[in-house]
Amino acid sequence: MFELSLAEARAALRARKLSARELTTAYLGAVEQLNPQLNAYITTTPELALTHADAADASLARGEHGALTGIPLAIKDLFATKGVRTTAASKILAPFIPPYESTVTANLLRDGAVFLGKANLDEFAMGSSNMTSAFGAVTNPWKRAGSNTPLVPGGSSGGSAAAVAARIALGATATDTGGSIRQPAAFCGIAGIKPTYGRCSRWGVVAFASSLDQAGPVARTVEDCAILLGSMAGFDAKDSTSADIAVPDFAAACARGVKGLRIGVPKEYRMDGMAPEIDALWQQGLAWLRDAGATIVDVSLPHTKYGLATYYIVAPAEASSNLARYDGVRYGARSPGRDLIEMYENTRADGFGAEVKRRIMIGTYVLSAGYYDAYYLKAQKVRALILRDFTEAFEKVDALLTPTAPSAAFGQGEKMDDPVTMYLNDIFTVPVNMAGLPGLSVPAGLDAAGLPLGLQIIGRPFDEETVFAVGAAIERAAGFTARPSIRAEG
Amino acid sequence: MAYTLEGETGSWEVVCGLEVHAQVISKSKLFSGASAEYGAEPNSQVSLVDAAFPGMLPVINRECVAQAVRTGLGLNAQINLWSRFDRKNYFYADLPQGYQISQFAHPVVGEGKVEVTLPDGSTKEIGITRLHLEQDAGKSLHDQDPTKSFIDLNRSGVALMEIVSEPDIRSPEEAGAYLTKLRQILRYLGTCDGNMDEGSMRADVNVSVRKAGEAFRTRCEIKNVNSIRFVMQAVEAEAKRQIGIWEAGGEVVQETRLFDPSKNETRSMRSKEDAHDYRYFPDPDLLPLVLTQDFVDGLKTHLPELPDAKTARFVREYGLSAYDARILVMEQATADFYETLAKGRDAKMAANWMMGDFFAALNRTSTTIETSPVSAANLGALIDLIADNTINGRIAKEVFEAMVETGDHPADIVEKKGLRQVTDTGAIDAAVGAVLTANADKVAQYKAGQEKLFGFFVGQVMKAMAGKGNPALVNEALKKKLA
Amino acid sequence: MSLDPAAIRRIARLARIRVDDAQVQQMQGELNTILGWIDQLNEVDVTGIEPLTGGATMAMRLREDAVTVPDLTEAVLSNAPDRDGPFYTVPKVVE
C-alpha cells in the first residue's frame, strides 16, 4: 500500500478498492512507528485524520469526490490550522493555537484531503538542514551506503520531505523562500515544486520573507505534485500579492512531452569545484531531454551568482520586520520582564533560536539609518538585474535545467562552522525566488554514496505546465527506483 | 503687522509647520474588514489582521484611497497616480505588527495649498507638503491597574491621513486659522469628521524661532495636540521657551515634546534613544498603489462645492459681504440652511435673520443647526409673512420666539395668537381717532411745532392695536388726521 | 563595514532581543562574516537600474469598503499570554 503514488491511491479510493479509513489507518501506524526515528512531525493529529478519512469514505460512498478525497497528507507546521497547534518550529509559537485555517490548507480540506499532522521544519523556515527547529532535528530517511551517520533532510521543509520519502505521508505541503521545497526534495529523493510567486495564497502561512515566500507541494512523483498544486493554488482576495489567474490542469501537462521545447543551460551554474557526479547528472538530464525531442540551448544568467548575497539582504530585512509581531503580547510565549521593553527583550531572546536571531539582526542592520541604500536598495537593484537575466533567457528558451543543490544530503552537524557555508546550499535555488519563477526539483539519480540527487527545472512566470512537462520527461527517463533505508513497507 | 515675540535681544519670528492626523471616514479599516466605528466595546472591532496574527495579510480599502484623493483635490494638491506603502518599524504594546504601514517615500498626495483668512480679514496661503495614508495604532490604558497597562486594539488599523504643511505659519493665530480651515475643508469633503474630542483629528506641531532674515533654526515637535486652542497656546509657549534658551546663550535641541495645557508649557518626552531609527522599507505584503486618471477625475466630478468657492458664490449670487458669506459658509449645514432660506426670498434679509435672531437662539438654547426646532422652511415662512405684510417686523420677533419654543409653523402661531397685521383702514382710522382724542394737549403741542411728538402718536396707536397695525398705514392715517 | 560590540548591542536593542556579552562576541563574528560575504555586491554596477520591490509586479487590487469581520473578541484574545477581561495586558508603561 505504501508504494502507491498519490495518483494510484486516489484511483484505488475512487474504485472503492481501498477505503480512506484503511489508507489513513495504515499511514497513522507508519507515523507512530517511524516518527520517533525521523522526527518529521512536530504534532500528529490521528483523531482529526480519522474524522477526515471517515468524511472522505462517506462522500466516496455517495459517489462524490474532490481532487484529494481520502489522501493522507502532512502539513508543514508553518500553515495555520484551525484548532491545531501551529509552531513554525519555534519556542515563541509553541503554545499557539490558531483560530483560523490558512487558505492553502482550507483548499486541501475543500478537496477532501486527510491531515495526519504538522511537519517539522527549520525555525520560521530559516535554514537548509532542519537543524534549527526548536523541536529537534529531522533525520533524513536515506543513509550513505555502509554508514549509519544521520543525515539532514535539507530545509526548511525537511519534515515534509522526510515524511513523504519515508512513506509516512502520501504528500505534503511545503514552502519555499530560497529553496526550502526543492533542496529537501532533492536531499530526500522526491519531487517538489515552488510555483510562481502569487500562485498559492500566503494568507495564513507564517511569514518569513513576504516577497519570496511561496507555498508548494512535495510528493513522490511529478504527477502527484501536479495534483496537489492544483488543489493548493488559486486566487485569494485576502492576499494582495495573489495572482488572479486561472489554475490550469497541471496533471494533464505532465503527459505533454518535450518535443520541440527549447531547454536552456545557464553557463554560470557550472561552478568551480562542483561535484563531478552532479555535473554528470546534469549532462545526463540534458541528454534525456534531447533524446525526447527537445533542443538544448546555452544561455547566460550573468547576475545569478549574486543571487545568494542579494537574498541574504532581502530575506533577513523582511524577516526582521515580519517577526516583530512575536512580542509576547497577543499570542505565543512570553518571558516576564520588569517593564515592557524588558519583557520584549526577554521574550524574544528566549523564544527565538540562534539562526532566527542572526537573521533578525542582519535584517535590522541592513535597514537601519545610514545603511539602507548600501544594502537594501542595492539588493533590490541587483534583484531587478537577476529578473532581467531570466526574462532575457526566456526569450530564447521555454525552460531551464540546472542541478537543484550543489551536493547530496550531508551529515547532521556538518556545515555548521559558519553560517555562509550553510547558506551556499541554496545557490542554485535562490535566484528563482528572487525572480518569482516556478522551479521543480525531480529526483534523477544517485551519488557515489547512494544518496539521491535532484535536477531543477525553472520556467516562465505562471508556466508551471511546461515545468511539469519537462520534469515528468526527466522522471520517465531517469526511472528513479531507489528507496530510502527508513521507510514504511507493506 | 507681522507677529513677533519680544525678547531681551529684540524681536523673534515664530516658524511653525503642522502635521495633522485626520481619521478617514470609512465603514471599515484601511487594511481589514473590521468596523472603524468609534466607541465600541474593547477589542470587539479587531480582525485577525489588526491583531497581527501569524500569516495575516493587509488588503487595502478602496474608499480610504478615494477619501485621500478627495482630500488632496480639496487641498488643491498634486495627486500621485503611483504611490507605495512602507513599513515604519518600532515596538510598542499597542502596535501589534511591530510596524505601522504608512507612505514614507511615495505619498498618494503631493504638494498643495490652503488659503486661510486671519482675524483682521487678510488672507494668507499655507503650503501643503504632502498627504499620505497610514494605519492608526491601538490604545494603551495606563490607569486601570497598578502594575499593568491594558491594550485595546479597536483603533488598530483605522485609516488616517497625515497632512503635512510647509513651515509657512508665523503666529499662533495663523496656526489656528490653518487648522480651522483644514477642518472645514475635511468636513465639507466628508473625508474626516474633524472631531478633536474623539481624537479623529490631532496635530503634531513643529516650532522654531529666528531673527528676521535668518535661516531656520532647530525645531522641536510637540506631539498629539488635540484642540485648536491648545495648538495656538503650544506654539506661543514653545516659541517663548526657545527664545529663552537662545537668549541665555544656549542651544535648542531637536526633540519631541508634549504640551501641558494646565501649565501652559511644553515638556520633553522621556527620550527613547532608538526612537528615530524606523527602518522604513516597502511593505512586501502590498503592491504599488496605481490609480488611473479616470478614477481621480471621477472623484473630482463628484466633489462638493468647497468653502472658498461657496463664499465667492454667496457674495456674487446673494450680494452678501465677504465677512457675512464666510460666517454662513463656516459649516456645510449652515450654508445649506442659508441657501434653503434665501431661495426665492430677500437674500440680505435671510442673512440678517440667520446671523441675528437665529444664531442667538441656537446659542441661548445650546442647540445646533441640525437639532434646532426652527427649520429653514419655517424660518423662510416667517420671512414670507413679513414680506406679504401678514405680520410686521416687530410681531415677527415675537413669532420667532414662539417658533423656538414650540417648533410650530409661523402661520399657525400667527393664527393662534391672532397676530395678523391690521391693514383695515377703518380700524386704523378708529384707533388713530381715539388716540388723538385722548391726547388733545399733545395734538396742540404738535401743531404748535413739536413735530417729534409724531413718534409718540405712532407708539400709542400701535399699543392700542396690540402691535398689529401695519406701520405704513398707521403713519399715513396719522399724517392725514394731524394735517 | 565591520560591526563592533557597541553596534551589535544597538542592533539587538532595536530588534528587542536581549544579548549577553558572550552572545555579542559570537554574533559579532558571525554577522561580520555574513556582511563581508555580502560585500561581493559591490562588484555589481546598478547604475540606472530601478529597484525591484516585490515578488509580484501587478497593480494593487482595492477592496470594497464593507464591514466583513464580526466581533472576534474571544478569538483574538484566546491565545493571550496575559489578559484582563476584554484587554490584553502588558507590564505597566510609564509615559
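The values are calculated or read from the model by the stated rules, or taken from the named source; none is laboratory data. A quick note: this is a predicted structure, and the numbers were derived from the prediction, not measured. Here Cβ is always computed from backbone atoms with ideal geometry, including for glycine, and neighbour counts include all displayed protein chains.
Descriptive notes on the structure:
- Some residue of the stretch A:439-448 being closer than 29 Å to C:Asp39 by Cβ and outside any helix (DSSP H, G or I): yes
- Residue check for A:Thr310: under 22 Å from the mean Cα position of the chain (by Cα), at pLDDT below 95 and within 14 Å of another protein chain (Cβ to nearest Cβ): no
- Checked against (1) within 16 Å of the chain's Cα centre (by Cα); (2) in a loop (DSSP other than H, G, I, E, B), A:Pro98 meets all criteria but (1).
- Evaluated against (1) more than 19 Å from the chain's Cα centre (by Cα); (2) at pLDDT 95 or above, A:Pro452 falls short on exactly one condition, (1).
- Of the candidates B:Ser44, B:Ser32, B:Ser26, B:Ser11, the single residue that is closer than 22 Å to C:Gly54 by Cα and either away from chain A (no Cβ under 14 Å) or in a loop (DSSP other than H, G, I, E, B) (or both) is B:Ser32.
- From the options A:Ala315, A:Ala251, A:Ala255, A:Ala246, residue that is small (Gly, Ala, Ser), in a helix (DSSP H, G or I) and away from chain C (no Cβ under 14 Å): A:Ala251
- The set of residues in the stretch A:348-372 being in contact with a Gly (Cβ under 9 Å, 6 or more places away or on another chain) and at the interface with chain C (Cβ under 8 Å from one of its Cβ atoms) consists of A:Arg348 alone.
- Unmet criterion (only one of (1) within 21 Å of B:Val69 (Cβ to Cβ); (2) not acidic (Asp, Glu); (3) not in a loop (DSSP other than H, G, I, E, B)) for B:Lys124: (1)
- Considering only residues in the stretch A:294-307 that are facing another protein chain (nearest Cβ under 10 Å) and part of a loop (DSSP other than H, G, I, E, B), the one that is farthest from the chain's Cα centre (by Cα) turns out to be A:Pro302.
- Residue among B:Ala333, B:Ala387, B:Ala396 that alone is hydrophobic (A, V, I, L, M, F, W, C) and under 26 Å from B:Lys181 (Cβ atoms): B:Ala333
- Scanning the stretch A:4-39 for residues that are in contact with an Asp or Glu (Cβ under 8 Å, 6 or more places away or on another chain) and either free of Cβ contacts under 8 Å to residues at least 40 places away in the same chain or not in a helix (DSSP H, G or I) (or both) yields A:Ser5, A:Ser19, A:Arg21.
- Scanning the stretch B:60-81 for residues that are modelled with pLDDT of 95 or more and within 12 Å of chain A (Cβ to nearest Cβ) turns up at least one hit.
- Candidates are the residues of the stretch C:56-95 that are assigned to a strand (DSSP E or B) and at the interface with another protein chain (Cβ under 7 Å from one of its Cβ atoms); the one that is nearest to A:Arg388 (Cα to Cα) is C:Arg63.
- Filter result for B:Ala325 (in contact with a Ser or Thr (Cβ under 6 Å, 6 or more places away or on another chain), surrounded by 20 or more Cβ atoms within 10 Å (Cβ to Cβ), modelled with pLDDT of 90 or more and not assigned by TED's automatic domain parsing to the domain that holds B:Ala466): yes
- Within the stretch B:179-201, the set of residues being in contact with a Lys or Arg (Cβ under 9 Å, 6 or more places away or on another chain) and not in a loop (DSSP other than H, G, I, E, B) comprises B:Tyr188, B:Leu189, B:Met201.
- Flag if B:Val15 is β-branched (Val, Ile, Thr), touching a residue at least 24 places away in the same chain (Cβ under 8 Å) and within 30 Å of B:Ser122 (Cα to Cα): yes
- Criterion: modelled with pLDDT of 95 or more, assigned to a loop (DSSP other than H, G, I, E, B), among the polar types (S, T, N, Q) and out of contact with any Leu (no Cβ under 8 Å at 6 or more places or on another chain) - qualifying residue of A:Thr86, A:Thr132, A:Thr139: A:Thr132
- Yes/no for C:Leu62 being free of Cβ contacts under 8 Å to residues at least 40 places away in the same chain and in contact with a Phe, Trp or Tyr (Cβ under 7 Å, 6 or more places away or on another chain): no
- Filtered residue count, the stretch C:31-55, keeping only those that are within 7 Å of another protein chain (Cβ to nearest Cβ), closer than 17 Å to A:Ile360 by Cβ and buried (at least 19 other Cβ atoms within 10 Å of the Cβ): 3
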